[in-house]
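Notes follow once the structure below has been shown.
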Amino acid sequence: RNVFEEPFEGKLSEGWTIVEEAPEAVRVGDGVLHLQTLPGTLWGERNDAHNILIRPEVEVVEGLTTEVTVTNAPVLQGEQAGMNWYVDKATYVKLVKENLGGTVWIVLAREENDAGTLVNRIPMTAGTARLRLSLRGSAVVGEALAEGETAWATVGTCAPPPSATVRPGIFSHGGPDDEARWAELSAFTSYIEEV
């Protein structure tokens, strides 16, 4: 299955790259990655987000799956934390816990050459949710498991990025510039599910 699991103990495991690193806004320990939700975004042509943590390239094959647990309380429009299948700043698929219009949602979105599409979203009242991106057939499926629930909810499906490989990643952005607000990400894993 070629499983990678990140324990987030003391320091990051080998192999991570941090795009636009702002080291003071990253803390690792006790099984949790604490990311300060800095201002900025990857959406559209702005591409000024910090601290996008990405793994080495993996082939986009059926069964490719990435999971992470997210705890955040996004307040600002577009404030979010979650994960993506990253090709570059202009092309990726993401699954995030995000504030849109004053409501917190799990959002599946896709961007290709800086043209973004919000695929679908479902409301999320729980402070913590497990997120899962997986390739099933020719579609990327985004799912969420709210804390305390036992059944995964499907957020949506979309085409994978137009690339033979992606770099599974985690991030938080869209935060305020006058207050330190942190997101917690834990239990990150990436594997090929046998189908």
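The values are calculated or read from the model by the stated rules, or taken from the named source; none is laboratory data. Computed from a predicted structure; not experimentally measured. Positions of Cβ are generated from backbone atoms using ideal geometry, with glycine treated the same way; all protein chains shown enter the neighbour counts. Keep in mind that these areas ignore ligands, DNA and RNA; they rest on the heavy atoms of the full protein, side chains included. Shrake-Rupley method; radii C 1.70, N 1.55, O 1.52, S 1.80 Å.
Would you mind telling me which residue in Lys97, Lys89, Lys11 has the biggest mean-square fluctuation in a Gaussian network model of the chain, where springs connect alpha carbons within a distance under 10 angstrom?
Among Lys97, Lys89, Lys11, the largest mean-square fluctuation in the Gaussian network model of the chain belongs to Lys11.
With point charges of +1 on the Cβ of Lys and Arg and -1 on the Cβ of Asp and Glu, referenced to the Cα centre of the stretch 146-195, which listed residue (Ala183, Thr154, Val195) lies farthest in the positive direction of the dipole?
Val195
Over the stretch 35-103, how many percent of alpha carbon pairs lie in each 10 Å bin up to the one with the longest distance?
17, 51, 27, 5
Rounded to the nearest 20 Debye, what is the dipole magnitude of the stretch 1-84 about its Cα centre when Lys and Arg each give +1 and Asp and Glu each give -1 at the C-beta? Intermediate values should be presented prior to the final figure.
Values: 5 positive and 15 negative charges, 30 e Å.
The dipole magnitude comes to about 140 debye.
Can you give the charge dipole size of the chain about its Cα centre, rounded to the nearest 20 debye, using +1 on the beta carbon of Lys and Arg and -1 on the beta carbon of Asp and Glu? Before the final figure, lay out each step's value.
Numbers: 15 positive and 29 negative charges, 80 e Å.
For this selection, approximately 380 debye.
Take every Cα pair under 8 Å in the stretch 60-195 that's 6+ residues apart, average their separations, divide by the length, and report that relative contact order as a whole percent.
Working: 350 pairs, mean separation 47.3, N = 136.
Relative contact order here is 35 percent.
Rank Pro39, Gly137, Ile170 by how far each Cα sits towards the positive end of the charge dipole of the chain (+1 on Lys, Arg Cβ; -1 on Asp, Glu Cβ) and give me just the farthest.
So the residue we want is Gly137.
Between Ala187 and Thr125, how high is the FRET efficiency from 1/(1 + (r/R0)^6) when r is the Cβ-Cβ distance and R₀ = 25 Å? Nearest 0.05. Provide the component values of the computation, followed by the final result.
Details: r = 21 Å, r/R0 = 0.83.
The computed FRET efficiency comes out at 0.75.
Apply the Karplus parameterisation 6.51 cos²θ - 1.76 cosθ + 1.60, with θ equal to phi minus 60°, to every residue of the stretch 128-140 and state each ³J(HN,Hα) to the nearest whole Hz, in sequence, with x for glycine and proline.
Rounded to whole hertz, the list is 10, 9, 8, 10, 9, 10, 8, 9, 10, x, 10, 10, 7.
Shape of the stretch 83-147 from its Cα gyration tensor (a ≥ b ≥ c, root eigenvalues): rounded if a/c is under 1.5, otherwise prolate when a/b > b/c, or oblate?
Numbers: a/c = 2.18, a/b = 1.39, b/c = 1.57.
Note, shape of the stretch 83-147 comes out oblate.
Straight-line reach from Lys94: which aspartates and glutamates have Cα under 13 Å away, leaving out those fewer than 8 places along the same chain?
Cα-Cα hits under 13 Å: Glu67, Glu111, Glu112, Glu143.
Glu24: accessible area at probe 1.4 Å, nearest 10 Å²?
Surface accessible to solvent at Glu24 totals approximately 130 Å².
Charges on Cβ only, +1 for Lys and Arg, -1 for Asp and Glu, centred on the Cα centroid of the stretch 79-137; of Gly127, Asn84, Asn99, which one is farthest towards the dipole's positive end?
Positive-end residue among those listed: Gly127.
Using 7 Å Cα-to-Cβ label points, what is the Thr157/Arg46 separation (nm, one decimal)?
With each label point 7 Å from Cα toward Cβ, the separation is 3.2 nm.
Cut-off 10 angstrom, C-alpha nodes, Gaussian network model of the chain. Which of Gly44, Gly116, Gly15 fluctuates the most?
Gly15
Excluding ligands and nucleic acids, what accessible area in Å² is computed for Ser163 using a 1.4 Å probe, to the nearest 10?
Counting only protein heavy atoms, Ser163 exposes about 40 Å² to solvent.
Charges only on Cβ, +1 for Lys and Arg, -1 for Asp and Glu: so what's the dipole of the stretch 135-195 about the Cα centre, in debye to the nearest 20? Mind showing how you got there, number by number?
Working: 3 positive and 9 negative charges, 72 e Å.
Once rounded to the nearest 20, the dipole reads 340 debye.
Sequence neighbours fewer than 8 away in the same chain don't count; with that in mind, list the aspartates and glutamates whose C-alpha is under 12 Å from Lys11.
Partners within reach: Asp30.
Over the stretch 1-74, what is the relative contact order in whole percent, taking alpha-carbon pairs under 8 Å and six or more residues apart? Walk me through the numbers before you get to the answer.
Details: 80 pairs, mean separation 21.1, N = 74.
Rounded, it is 29 percent for the stretch 1-74.
What residues have an amide H closer than 5 Å to that of Glu21, excluding those fewer than 5 places away on the same chain, when H is modeled at 1.01 Å from N in the peptide plane?
Asn51
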